[in-house]
1. Among the residues of the range 83-117, what is the count of those that are open to solvent by 80 Å² or more (accessible area, probe 1.4 Å) and within 23 Å of the chain's Cα centre (by Cα)?
2. How do the pairs read when you match residues in the range 27-54 that are farther than 12 Å from Ala145 by Cβ with residues anywhere that are among the acidic types (Asp, Glu), using Cβ under 6 Å and keeping only pairs 6 or more apart or on different chains?
3. Failed condition for Leu136, given (1) assigned to a loop (DSSP other than H, G, I, E, B); (2) under 12 Å from the mean Cα position of the chain (by Cα), with all others met?
4. Quick check on my filter: what residues within the range 55-79 are surrounded by fewer than 24 Cβ atoms within 10 Å (Cβ to Cβ) and free of Cβ contacts under 8 Å to residues at least 60 places away in the same chain?
5. Could you tell me which of the residues Ala121, Ala139, Ala158, Ala149 is closer than 30 Å to Ala27 by Cα and buried (at least 20 other Cβ atoms within 10 Å of the Cβ)?
Amino acid sequence: MATIGQRRGQLGVAAHIGASCLVVLAAVGVVGLLARQPLLFPSLGPTAMLIFDSPRQRSGSPRNTLVGHGVAILAGLACLTAFDLADSAPVLQEGITAARIGAAAASVALTVLVLRLLSCAHPPAGATTLIVSLGLLSAPTELLAIAAAVLLVTLLGALLNRLLRRDPAPATG
């Protein structure tokens, strides 16, 4: 059983992680509001959680974060194109089809394959590739918005972790 001191310590750590996620995601949201771009999307939440909750794990490192989402965007776009869905409405409007299932499944498989070969695991990238392959955010400006948001979360996360003396993950594989 945890002592009162341990619970207070856990509460402090939890509050720090929660506050860090709040600050960074709110900042990205404000930038998105000002830029009128969808800078907040589902896989940014788990990305921020990894950056702040597990700063010493490689999957939460800046390198893995940037490479992971970059590969995810490209894999999602490649599968969207390969399954002839680039000009289709998003899955929420068009509904599920065999081609959409193929694109979604293939995009996650391709993302995992490439990230594994690069020794660059970043699980939230699995959500990013689905966002793209399902057509939820797939226009060129939306893909740039995803990339910009990931870059911003990564930079702000690294800066905040450094300021708060939370050591990042080692850079080597």
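1. 6
2. Nothing qualifies.
3. (2)
4. Val67, Val71, Leu74, Ala78
5. Exactly one of Ala121, Ala139, Ala158, Ala149 is closer than 30 Å to Ala27 by Cα and buried (at least 20 other Cβ atoms within 10 Å of the Cβ), namely Ala149.
The values are calculated or read from the model by the stated rules, or taken from the named source; none is laboratory data. Only a predicted model underlies this, so the values are computations on that prediction, with no experimental measurement involved. Glycine gets a Cβ as well: all are built from the backbone with ideal geometry, and neighbour counts include every protein chain shown. With ligands, DNA and RNA removed, areas are computed over all heavy atoms of the protein, side chains included. Shrake-Rupley method; radii C 1.70, N 1.55, O 1.52, S 1.80 Å.
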